[in-house]
Amino acid sequence: MTVEAREARQPYLLLSPAMVAVMLLLLVPLAFIVVYSFWLRTATGADQAGFFLDNWREALSDAFYRDILLNTLKIAAITTLVCAVMGYPAAYVIARSRGNKAVLLLLLMLPFWISYIIRTMSWINILGASGAINSALMWLGITDAPIQMLYNEASVILGLVHFLLPFMILNIYVSLDGIDTTLEDAACSLGATRWRTFLEVTLPLSLPGLAAGGLLAFVLGAGTYITPIVLGGPTDAMFANLVFEAIITQLNWPLGSALSLMLLAVLGALVLLYNHFLGMGQLMKGLG
């Protein structure tokens with residue numbers, strides 16, 4: 001084998017362990033889910049192998065699943081918008097800070113050191129009937145009885161924002177940190193105010209990071225099931241909760257597989273749309 005041929009094969013050899021891991025841990029389980037989605041759950045509780053469209057027909061035609069999916073997308077969109085509004089100023093402050101940038105980034109990463117479930121359940125001690133806010137309000141005499149602040153759509157959105165805000169800030173920070181500040185100085189030297197410089201120079205150049213953070217927040221928010229279980233009420237279930245209910249509670253793997261693929265298709269279409277217009281490069285920077 002020539003030297004050129006060995007050099008041409010070297011990248012594939014180096015990538016082969018990662019590709020094998022992706023195939024075994026992602027593609028093979030996904031293939032099993034696709035196969036399961038066409039099986040049929042019988043009246044006896046056993047799964048009948050074959051090619052049946054009953055699960056897909058139920059998932060696509062039942063208004064119950066459609067309404068839950070639309071509600072999931074709505075909650076994910078609201079969460080993403082709130083994260084963008086709250087995350088951009090924080091990311092801007094971190095990117096433009098000089099002496100304490102490392103400390104601010106460390107503080108931003110601290111929530112990742114705590115379990116997501118524990119962080120979500122902590123809101124019960126804050127918003128609950130005997131939580132910190134209600135206790136303070138009654139101690140100050142503002143209210144005579146606890147205010148119901150848990151187990152509704154607002155508390156679900158609050159929990160999702162708490163979970164997803166660091167992802168949004170990190171992506172926007174990466175984009176802002178890569179902007180050459182001399183461009184802003186040049187705009188100011190030509191007579192532009194700080195606000196106009198931000199609107200016409202900084203904001204447009206940081207939009208890829210904002211879009212990447214929005215994509216991550218939307219996909220992760222639409223695919224979660226812990227937050228609605230802990231902080232939501234009976235009418236605040238999201239689509240991932242239906243998958244959990246079908247597979248874990250009802251042991252209906254075929255229907256749960258069809259529902260999970262349905263959600264995967266919707267979120268995958270969003271990712272493909274993002275990749276078509278903006279590309280995945282900025283998203284990889286934010287994840288790195």
Checklist entry - What is the distance in Å between the Cα centres of the stretch 79-158 and the stretch 17-41? => result 37 Å
Checklist entry - What length, rounded to one decimal in nm, is gained on full extension from Gln148 through to Phe64, with 0.36 nm per residue of separation minus their alpha-carbon distance? => result 27.5 nm
Item to check | From phi via Karplus (6.51, -1.76, 1.60), per-residue ³J(HN,Hα) for the stretch 152-169 in Hz, x at Gly/Pro | outcome: 8, 5, 5, 5, 5, 5, 4, x, 5, 5, 4, 6, 9, 4, x, 4, 5, 5
Item to check | Proximal charge balance of Phe52 [Cβ under 15 Å; K/R count +1, D/E count -1] | outcome: -1
Item to check | Built amide H within the under 5 Å cut-off of Ala237, gap 5+ | outcome: none
Checklist outcome for this item: The set of residues whose placed amide H lies less than 5 Å from the amide H of Arg41, leaving out same-chain residues fewer than 5 positions away, is Gln48
Checklist outcome for this item: Contact order relative to length for the stretch 1-130, counting C-alpha pairs under 8 Å separated by 6 or more residues, stands in percent at 8 percent
Next on the checklist: Counting only helical runs of four or more DSSP H residues, what would the 222 nm mean residue ellipticity of the chain come to if each run contributes -39,500 (n - 2.57) and the total is spread over all its residues?
Outcome noted: -22500 deg cm²/dmol
Item to check | Net +/- balance of residues flanking Arg41 in space, Cβ distance below 12 Å, scoring K and R +1, D and E -1 | outcome: -3
Checklist outcome for this item: For the stretch 117-132, Karplus-derived ³J(HN,Hα) couplings (6.51, -1.76, 1.60; θ = phi - 60°; whole Hz; x for glycine and proline) come out as 5, 5, 5, 5, 5, 4, 5, 5, 6, 9, 9, x, 4, 10, x, 5
Next on the checklist: Just to check I understand the Karplus step: with θ = phi - 60° and J = 6.51 cos²θ - 1.76 cosθ + 1.60, what whole-Hz values come out for the stretch 105-110, glycine and proline as x?
Outcome noted: 5, 5, 5, 5, 7, 4
Next on the checklist: Tell me the relative contact order for the chain as a rounded percent, counting alpha carbon contacts under 8 Å between residues six or more apart.
Outcome noted: 26 percent
Next on the checklist: Going by Cα centres, the stretch 234-255 and the stretch 46-66 are how many Å apart?
Outcome noted: 14 Å
Item to check | Listed residues Val266, Val230, Val201, most fluctuating in the chain (Gaussian network, C-alpha, under 10 Å) | outcome: Val201
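Since every read-out is calculated from the coordinates, none of them should be taken as a lab result. All values reported here derive from a predicted model rather than from experimental measurement. Using ideal geometry, Cβ is built from the backbone for each residue, glycine included, and neighbour counts are taken over all protein chains shown.
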